[in-house]
Amino acid sequence: MKSDSAEFVRLLTEAQGPVYGYIMTLLPDRSRARDLLQETNITLWKKAATFQEGTNFNAWACKIAYFHVLSFRRKMAREKLVFGDEILDYLAERNDDRADEEGADARNQALRRCLLKLPEHHRKLVEARYQPGASVQGLAAEQERSVGSVSQTLYRIRHNLMTCIEKSLASEQSS
């Protein structure tokens with residue numbers, strides 16, 4: 001499959017959330033996880049021709065992400081101040097518990113505020129995409145646009161929302 005094909009762009013765009021979530025389960029540092037997601041995306045793009053159509057794209061992408069995490073962990077192991085796997089797992093578990101308790105409401109409120117800041121047509125596109133049974137293909141057909149175009153628009157909107165949420169949460173913490 002070519003990296004510039006509409007189908008590859010669609011698969012790559014739809015895989016962003018699952019791959020980021022997978023990386024976060026292995027490396028509970030959002031900043032590092034975003035960096036590793038971008039490195040994974042670059043590798044996926046370069047290796048697009050090796051992806052076999054009809055197989056599970058997310059599984060393939062997560063396997064590549066896994067190797068990036070392993071490489072990062074090996075690099076960090078060579079550093080002087082590195083926690084062992086047991087301590088890292090414990091900290092990750094505690095961080096997840098704390099994030100669930102403290103951060104979920106703040107993140108949801110920030111998401112609501114950021115959604116309201118979107119241009120109306122972007123907000124409607126996001127709302128339509130996350131309706132039960134909705135798909136990028138269906139939205140593309142309704143809007144008479146290519147699947148790749150709709151996927152790319154949704155990717156940019158989600159990226160802008162993530163940036164907005166992070167800024168919102170950071171400003172709340174500093175005040």
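Could you look through region 101-130, keep only residues that are surrounded by 12 or more Cβ atoms within 10 Å (Cβ to Cβ), among the hydrophobic types (A, V, I, L, M, F, W, C) and part of a helix (DSSP H, G or I), and pick out the one that is modelled with the lowest pLDDT? Per the stated criteria, the residue is 106. Restricting region 7-44 to residues that are more than 21 Å from residue 153 (Cα to Cα) and among the β-branched types (Val, Ile, Thr) leaves a set whose member that is surrounded by the fewest Cβ atoms within 10 Å (Cβ to Cβ) is 25.
Considering 172, 142, which residue is at pLDDT 90 or above, surrounded by fewer than 16 Cβ atoms within 10 Å (Cβ to Cβ), out of contact with any Phe, Trp or Tyr (no Cβ under 8 Å at 6 or more places or on another chain) and at negative phi?
Details: 172 fails: at pLDDT 90 or above.
Result of the check over 172, 142: 142.
The values are calculated or read from the model by the stated rules, or taken from the named source; none is laboratory data. None of these values were measured; they are calculated from a predicted model. With ideal geometry, Cβ positions are generated from the backbone for all residues, glycine too; neighbour counts draw on all protein chains shown.
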